[in-house]
Amino acid sequence: MLNHKAILTAMMILGLGVSMSACNTIDGAGQDIEQAGESVQDAAN
C-alpha cells in the first residue's frame, strides 16, 4: 500500500508535467500569433 509521501511525490511530478506541457502549448500559440501579425504587417507594406 502506498504511503502519503509516495502519493504526494507522484502528484507533484504529475503536476509539474502538466504545467510544463501547458507552457509549451502557450508558447507555441504565442509564436503562431506573432507570425500571423508579421504576415499582416508584410501585407500592409
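Details
- Across the chain, Cα-Cα distances exceeding 16 Å account for 60% of all pairs.
- Axis angle, to the nearest 10 degrees, between helix 4-44 and the longest C-alpha principal axis of the chain: 0 degrees.
- Remark: spin-label model distance His4-Ser21 equals 2.9 nm, labels positioned 7 Å along the Cα→Cβ axis.
No value in this document is a laboratory result; all are computed from the given coordinates. Every value quoted in this text rests on a predicted model; they were computed, and no experiment measured them. Ideal geometry is used to build each Cβ from the backbone, glycine not excepted, and the neighbour counts take in all protein chains shown.
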